[in-house]
Structure formats: structure tokens, C-alpha cells
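Trainee: I have a structure here, written as C-alpha cells, and I will follow up with some questions on it.
Rule-based calculations on the coordinates, nothing more; no lab input. Remember, it's a predicted structure, so these values are computed and weren't measured experimentally. Positions of Cβ are backbone-derived with ideal geometry, glycine not excepted, and every protein chain shown enters the neighbour counts.
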């Protein structure tokens, strides 16, 4: 059996949630990501910073309704890494299903 490699930058549950949102939209506002991940501002900031450092996410700031907002979007590398991570997860599920069926 070939080893299945998960992307450590995307594997954490909150990062996987962030990536799932970003795969479905062009941009997502920080507050919306905080609601979805159910983490504090500081925890979300750390997860986003890790994704930025990996080259997977781009952050932009702009004013909306008189307040500074942060928006996140996938980079091309981020979309590619997320697709590869999802294929790895699917391979894990398929392998587990085969093992269970063989019992």
C-alpha cells in the first residue's frame, strides 16, 4: 500500500474548515470565518497566518461600513494543495472501507 500524505498545513480542523469555505467562494470575511470555525479572533488569526506563510491564503484589508475588515482568499497554490489534500482524504476513506469490507 502506498503511503497517503496529508498536508500538515491543511489538516488541523479549523484550517480544513477555512479551506472548505475558501474553495467555495472568491473571498471570505474574517468575521464569517470566525463564525464557521467557532474559534476566537486570536486563534483564527494564527490559523490564517499559518496558511499565509504556507502560501495558501492571501489576506486583504479594506474598509466596509466605516470599519477595517480583513478578507481571505485562496492563492492558486492553496487551491491546488486543498485539492490534493481532499484526494488524500478520499484515498484514506476508500482504504478504510476496503479494510472493513474484507472483515
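Trainee: Just give me the residues in segment 47-82 being touching a helix residue (DSSP H, G or I) at 6+ places or on another chain (Cβ under 9 Å) and part of a helix (DSSP H, G or I), in sequence order.
Mentor: Across segment 47-82, the qualifying residues are 47, 48, 50, 51, 78, 79, 81, 82.
Trainee: In the list 84, 96, which residue meets the criterion of being under 22 Å from residue 3 (Cα atoms) and touching a residue at least 24 places away in the same chain (Cβ under 8 Å)?
Mentor: One residue alone meets the criteria, 84.
Trainee: Something else: So which residues in segment 1-26 are loosely packed, with under 15 Cβ neighbours inside 10 Å and within 15 Å of residue 74 (Cα to Cα)?
Mentor: Correct list: 20, 23, 24, 25, 26.
Trainee: Pairs, please: C-beta under 7 Å, at least 6 apart or cross-chain, first residue on the phi > 0 side of the Ramachandran plot and in segment 47-59, second surrounded by fewer than 20 Cβ atoms within 10 Å (Cβ to Cβ)?
Mentor: 55/75; 55/77
Trainee: Among the residues of segment 28-46, how many are outside any helix (DSSP H, G or I), surrounded by fewer than 17 Cβ atoms within 10 Å (Cβ to Cβ) and in contact with a strand residue (DSSP E or B) (Cβ under 9 Å, 6 or more places away or on another chain)?
Mentor: 1
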